[in-house]
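The values are calculated or read from the model by the stated rules, or taken from the named source; none is laboratory data. Everything quoted here is computed from the prediction, not taken from an experiment. Here the Cβ positions follow ideal geometry from the backbone for every residue, glycine too, while neighbour counts run over all protein chains shown.
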Amino acid sequence: MSRSRFAFGLIALACAMAPAVASAQPRGADEVLARELYFEERGPNRMATWTADARIARHPVIFRAIRAQALREAPLRDDCTVTMPCSRVMTDELSYSGTRLLSIFSTTDQFLGGAHGAVGVSDGIYDLRTNRRLRFGDLFTNWNRAKPLIQAKICESLRQVRDNMEGIDCPDADRVAYGLTEASEIPVGRAASGFEVRMSDYALGSYAAGRETLWINLDQALLNLIKPEYRADFRVPD
């Protein structure tokens, strides 16, 4: 084969491979701009905002999926009445960033009329290798075995912070939000050693019962139930 034909063959091969290489890049993976971290909508007697933790932007594909959902939910549209103030404040904050897992809390604090506002919280746990969102139970090899252990820890932690549990039922472990945490006063980027548990309004019964944030430590029994691919992001506390 002549040199010219060989060179032409290489060029043709490169052109044929180019689309495959390009398609392998995740959509929206380009750098996040500062203006993407904030959304605001104002009108007569109404305001809606969304703010994101800038550290989430280190993972552009995940960040833009979170942002797209927030921009669908933040606008007030027809949720308000003309005669009353109306507001919705949404925030996404980083809870934990490891080698394989990213953990985020999403909070919505809103007043749409009535006697008082309402606060809702949800979690977002993401696999950094696939950019996919996971359910909390997906971290475990068997959620049916892990849930009773988590449930007992939630109830015990709640009893420790509530002097009076009269009229308060321990919330179901499937109905709270979880964040991975180092469980340390001075986090230094080590593996997660526990979970932060947050609850929305009414999770403990009436609105008057208030909201609660709990911390539960990881033990060896729970660590053994973490899926092998995620285990490097966890440790039993010292």
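Structure notes:
- Only one entry of 96, 126 meets the criterion of being touching a Lys or Arg at 6+ places or on another chain (Cβ under 7 Å), touching a residue at least 24 places away in the same chain (Cβ under 8 Å) and either assigned by TED's automatic domain parsing to the domain that holds residue 33 or among the hydrophobic types (A, V, I, L, M, F, W, C) (or both), and that entry is 126.
- Complete set of residues in segment 103-159 that are assigned to a helix (DSSP H, G or I) and among the charged types (D, E, K, R): 138, 145, 147, 153, 156, 159
- Unmet criterion (only one of (1) in a helix (DSSP H, G or I); (2) over 16 Å from residue 126 (Cα atoms)) for residue 75: (1)
- Single residue of segment 173-222 satisfying the filter (among the polar types (S, T, N, Q) and more than 16 Å from residue 123 (Cα to Cα)) that is surrounded by the fewest Cβ atoms within 10 Å (Cβ to Cβ): 220
- In the set 58, 64, 27, only one residue is under 30 Å from residue 233 (Cβ atoms) and modelled with pLDDT under 90; that residue is 27.
- Some residue of segment 57-69 being within 30 Å of residue 206 (Cβ to Cβ) and either surrounded by 18 or more Cβ atoms within 10 Å (Cβ to Cβ) or under 15 Å from the mean Cα position of the chain (by Cα) (or both): yes
- Checking each residue in segment 191-208 for being free of Cβ contacts under 8 Å to residues at least 60 places away in the same chain, over 20 Å from residue 165 (Cα atoms) and assigned to a strand (DSSP E or B) picks out 194, 195.
- Residues of segment 37-48 that are modelled with pLDDT of 95 or more and either surrounded by 16 or more Cβ atoms within 10 Å (Cβ to Cβ) or under 14 Å from the mean Cα position of the chain (by Cα) (or both): 37, 39, 48.
- Lone qualifier among 211, 198, 175 - being out of contact with any strand residue (DSSP E or B) (no Cβ under 7 Å at 6 or more places or on another chain) and basic (Lys, Arg): 175
- Filter result (exposed (fewer than 12 other Cβ atoms within 10 Å of the Cβ) and either of a type in the set (D, E, K, R) or closer than 12 Å to residue 211 by Cα (or both)) within segment 162-171: 163, 166
- Whichever residue in segment 139-153 is touching a residue at least 60 places away in the same chain (Cβ under 8 Å) and not small (Gly, Ala, Ser) and, among such residues, is nearest to residue 172 (Cα to Cα): 150
- Screening residue 106 against (1) assigned by TED's automatic domain parsing to the domain that holds residue 236; (2) surrounded by 13 or more Cβ atoms within 10 Å (Cβ to Cβ); (3) in contact with a helix residue (DSSP H, G or I) (Cβ under 9 Å, 6 or more places away or on another chain); (4) not basic (Lys, Arg) leaves a single unmet condition, (1).
- For segment 84-102, filtering for residues that are closer than 26 Å to residue 234 by Cβ and either of a type in the set (Lys, Arg) or not in a strand (DSSP E or B) (or both) leaves 3.
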